Amino acid sequence: MSALAFAVHKTRETLQIYWELARIIVPVTVVTEVMSRAGLIETVSPALEPVMGLFGLPPELGLAWLTGMLVGIWGAIPMVFTLVPAASMSVADITVFSALLLFAHGLPIEQKIIQKAGPGFAVTTLIRVAGGMVYAAMLHHLLAATGWLSQPLDPTWIPMTPSADWTGFLAGLVEALVFMLAILLALAWGLEFLKWAGIMDRLMKALSPLLRLAGIEGEAGQFTAIGLFLGISYGGGLLIREARSGAVSPRQVFISCVFMGFAHSVIEDTLIVMALGADVFGVLVGRLAFAVAATALVAWLLRSMPDERFFGWAFRRADCPATGR
């Protein structure tokens, strides 16, 4: 394929992804605005207050978190500053909320991919959401105790802001969609450059010792590294093939999927939430450290679990031969 043909193909592929995202974002954002203007957000917020209080966040953000878990990051992002003005938030607030969003988003789609590789849908979803909540709570208490990141939020990018009339709202929505397209194109081409320059391969090799600490070994490490950088669709998709062939043991598949649930698309997703004002140490460095430690704990628990319980509780034997641990 010539360079020009590849460029056209990559741009068309990105535009297709953008179209799919826009079809989700526009109705979700409009419905959220209708709910806000009708006073429904204020009615629902008290019910979410106990949960969001665990993370020191405004209860209104609970709706954005729920939307992110069901729809995806791009479904939640336009809602954040329409629900809670940026001026009333701190860097710590957006960092903790971003951590929640990064751990668990687009669950119906991403967890279905993981399920296809063998791990149970319910158990891996529970581990993923619980992991995000534990990390966000730990991060909140650390930031509250130290005063770190307590400065007022000054985001680089505000996708949507509250507007007094529908004209202003629709103008803001169009502007957000234009910026989103620019960001997607930049990320897509940036990742292609990293692959072309061989930087991505070097990053994946450098990760091997870290993944071994998490209990991920052999070929499973390669696919986990792909998922870490490029997303569950890529890493999980490759694991489906390898799991069904028996090249990677069921327990390694499970551990890899747990790690990818905690940490995936770390380049794209991290840059997006950093544009909202999130701190890189909270949403990337701390998240990776937690992912390694939490996955290592899961791996340790699995080592002492009998096959009967593992295949009955956490893994579908039909999708993958029960060889190795």
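Nothing in this text is a laboratory measurement; each read-out follows from the coordinates by a stated rule. Nothing here was measured: the structure is a model prediction, and the numbers come from that model. Positions of Cβ are generated from backbone atoms using ideal geometry, with glycine treated the same way; all protein chains shown enter the neighbour counts.
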Could you line up THR67, THR43 from fewest to most neighbouring Cβ atoms inside 10 Å?
THR43, THR67
Reciprocal of mean inverse Cα separation for the range 3-319 (Kirkwood radius, Å):
20.4 Å
List the relative contact order of the range 12-88 as a percent without decimals, with contacts defined as Cα pairs under 8 Å and 6+ residues apart.
29 percent
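Return the calculated 222 nm mean residue ellipticity for the chain, to the nearest 500 deg cm²/dmol, obtained by summing -39500 (n - 2.57) across DSSP H runs with n ≥ 4 and dividing by the residue count. Don't skip to the end; give the middle numbers.
Values: 16 runs with 236 residues, N = 325.
Calculated at 222 nm, the ellipticity per residue is -23500 deg cm²/dmol.
Assign unit charges at the C-beta atoms only (+1 for Lys and Arg, -1 for Asp and Glu), then state the dipole size of the chain relative to its Cα centre in Debye, rounded to the nearest 20.
Details: 20 positive and 22 negative charges, 249 e Å.
So the magnitude is around 1200 debye.
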Name the lysines eligible as straight-distance cross-link partners of LYS112: C-alpha to C-alpha under 24 Å, and not fewer than 8 places from it in the same chain.
none
Explain nothing, just the number: relative contact order of the chain, from Cα pairs under 8 Å at least 6 residues apart, as a whole percent.
21 percent
Ranked by GNM mean-square fluctuation in the chain (Cα springs under 10 Å), the top entry among PRO155, PRO209, PRO59 is PRO209
